[in-house]
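> I'd like to ask some things about the structure below.
Nothing in this text is a laboratory measurement; each read-out follows from the coordinates by a stated rule. All values reported here derive from a predicted model rather than from experimental measurement. Cβ sites come from the backbone with ideal geometry, for glycine too, and all protein chains shown count toward neighbours.
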Amino acid sequence: MMRARWRFTVRGRVQGVGFRRFVQRAATALGLVGFVRNEADGSVGGEAEGALAQLQQLQQELLRGPRFARVDEVGVAPVVTATSGETGFQVIR
């Protein structure tokens, strides 16, 4: 199985609505590792690593977001190194 790592940024009403926990639950359910955090500009960002099909599913979840979020834009970009050694998906404060 080919592994990849993506950096993602989600813009809209995504802070203060449980978005980071939503991403953590979705990524964990998909078997991905990485992290998610609030960014200073009001967006939510992070990195996720795993199989390409699971990363694509996570992208769909990011577009949907949790109940009280409003997602205006989701950006993803590949990260060159996909051998992080992480064992889970973390929320960074």
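> Can you tell me which residue in the range 48-63 is surrounded by the fewest Cβ atoms within 10 Å (Cβ to Cβ), limited to those that are under 18 Å from residue 12 (Cα atoms) and in contact with a Phe, Trp or Tyr (Cβ under 9 Å, 6 or more places away or on another chain)?
59
> Right, something else. Considering only residues that are of a type in the set (A, V, I, L, M, F, W, C) and in contact with a strand residue (DSSP E or B) (Cβ under 9 Å, 6 or more places away or on another chain), which ones fall in the range 27-45?
27, 30, 32, 33, 35, 36, 44
> Quick one: which residue in 45, 85 is surrounded by 15 or more Cβ atoms within 10 Å (Cβ to Cβ) and free of Cβ contacts under 8 Å to residues at least 40 places away in the same chain?
Selected residue: 45, the only one of 45, 85 that is surrounded by 15 or more Cβ atoms within 10 Å (Cβ to Cβ) and free of Cβ contacts under 8 Å to residues at least 40 places away in the same chain.
> A further question on this structure: When you look at residue 9, is it touching a Gly at 6+ places or on another chain (Cβ under 9 Å) and either surrounded by fewer than 17 Cβ atoms within 10 Å (Cβ to Cβ) or not in a helix (DSSP H, G or I) (or both), yes or no?
Yes, satisfied.
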